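Student: Below: one structure in structure tokens.
The values are calculated or read from the model by the stated rules, or taken from the named source; none is laboratory data. Quantities reported herein were computed from a predicted structural model and do not represent experimental measurements. When we count neighbours, we look across all protein chains shown, and the Cβ atoms used for this are built from the backbone with ideal geometry, even at glycine. Calculation scope for accessible area: heavy atoms of the full protein, side chains included, ligands and nucleic acids excluded. Shrake-Rupley method; radii C 1.70, N 1.55, O 1.52, S 1.80 Å.
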Amino acid sequence: MDLTDSVHWLERYSAVIVPVLVVAEQIGIPLPAVPALLVVGALAAQGRVSLLLVIGAIAVTALSVDLVWHELGRRRGARVLAGLCRLTLEPDVCVRRTENLFLRHGVRALLVAKFLAWLTTVMPPLAGIFGVPRLRFVLYDLAGIVLWASLWAAIGYIFSGAIDEVVRRIGALGRSAGLAVAGILVGYVVLKILRRSLFLRRLRIARISPEDVKLKLEAGEDVVILDLRTALDVAATPYAIPDSRWISAEALDAHLSDIPRDRELILYCS
Amino acid sequence: MLRRRGITRVRPLAGGLAKWMALGFPVRELDTPAIPALEGSRP
């Protein structure tokens with residue numbers, strides 16, 4: 001199936017295909033929801049697609065999925081977030097960035113969540129973990145979804161002529177263009193996975209087990225235990241290992257001089 | 001991050017606090033930090 005066929009499919013089934021692509025993005029699968037929305041906007045400008053229907057279908061589908069994640073966050077807490085972030089290509093960055101954004105802007109961050117791939121996946125369960133009430137969550141999440149879908153579709157609508165031309169030219173290249181794009185996408189994902197595997201391998205070598213830490217504490221060994229969780233993590237789980245010191249990751253630079261360099265440091269996050 | 005800042009004798013705790021608590025090891029309670037952006041929510 002070449003690009004011209006894809007556009008025809010999109011024209012006929014846009015109210016199904018685009019919501020499916022959006023949901024795929026919501027669970028961390030990098031599918032081209034934004035390019036599809038641009039094309040849908042361009043098709044709407046030519047009167048070939050109903051924008052209202054597509055945006056309505058996206059809103060209903062995406063909100064339903066987000067509500068499930070929100071509920072899971074409410075019921076299962078931080079475990080959901082950790083599990084969900086494992087699906088993304090950079091789980092550590094994913095958790096940290098999302099928490100920082102939520103810490104600064106609270107529920108208002110939902111308005112921009114759909115615009116950032118790493119955020120759209122983890123923001124709904126995070127809102128659930130911190131008990132954002134359902135109605136408030138629905139209002140902000142729905143506004144964010146409609147804003148995101150409308151903006152991209154509007155860009156497609158306004159630049160329909162240019163998008164039509166791009167689709168026509170890429171279509172003329174045939175399957176080779178599609179294969180090249182797929183190759184770049186696969187290469188990008190493989191590179192990210194390899195980098196993460198190397199990082200985790202180095203980390204595994206240095207790690208210490210909880211049993212060994214407990215033995216060290218019981219033996220009165222001179223170790224420093226640092227709790228590097230964010231304020232959000234601490235609010236979610238307000239407990240710490242005895243004798244540990246909490247320095248939130250955001251404040252680490254300000255406390256560098258307080259950290260002893262001549263002793264063994266044991267670090268933990270959530 | 002710490003290693004880049006010259007602190008090299010660093011050992012991450014395998015499984016983090018979640019594993020520590022799952023093993024039933026002792027913990028102490030912390031004061032919940034105030035998070036202004038989450039007003040109206042249940043921290």
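Student: Collect residues whose amide H, placed 1.01 Å from N in the peptide plane, falls under 5 Å from the amide H of A:Y239; neighbours closer than 5 in sequence don't count.
Tutor: Residues meeting the amide H criterion: B:L30.
Student: Same structure again: Whole-Hz ³J(HN,Hα) for each residue in the stretch A:68-74, computed from phi via Karplus 6.51 cos²θ - 1.76 cosθ + 1.60 with θ = phi - 60°, x for glycine and proline: what do you get?
Tutor: 4, 5, 4, 5, 4, x, 4
Student: In Å², rounded to the nearest 100, what is the total accessible surface buried by chains B and A against each other with a 1.4 Å probe? Intermediate results must be reported in sequence, preceding the final value.
Tutor: Values: alone 4820 and 15810 Å², together 16660 Å².
That pair of chains buries around 4000 Å² in total.
Student: Express in nm, to one decimal, how much length is gained between A:Y13 and A:V181 on full extension, taking 0.36 nm for each residue of separation and deducting their alpha carbon distance.
Tutor: 58.2 nm
Student: Compute the angle between helix A:3-26 and the longest alpha-carbon principal axis of chain A, please, reported from 0 to 90 degrees and rounded to the nearest 10.
Tutor: 20
Student: Given labels modelled 7 Å from the Cα in the Cβ direction, how far is it in nm from A:I193 to A:R104?
Tutor: If labels sit at A:I193 and A:R104, their model points lie 3.2 nm apart.
Student: Counting only residues 5 or more places away or on other chains, whose amide H sits under 5 Å from the amide H of A:I266 once H atoms are built in the peptide plane?
Tutor: A:V224, A:I225, A:L226, B:R11
Student: Give the carbon-plus-sulfur fraction of the accessible surface of the stretch A:112-175 in %, rounded to a whole number; probe 1.4 Å, heavy atoms of protein chains only.
Tutor: Numbers: 2230 of 3110 Å².
C and S atoms contribute 72 percent here.
Student: When you look at the Cβ of every residue in A:208-215, what mean number of other chain Cβ atoms sits within 10 Å?
Tutor: Details: counts 4, 7, 11, 4, 3, 5, 4, 0.
If you average over the peptide's residues, the count of other-chain Cβ atoms is 5.
Student: Ok, one more. Per the Debye formula with a single identical scatterer at each Cα and no solvent contribution, what log10 I(q)/I(0) holds for the stretch A:127-270 at q = 0.12, 0.13, 0.15 Å⁻¹?
Tutor: For the stretch A:127-270, the Cα-only Debye profile gives -0.88, -0.92, -1.01.
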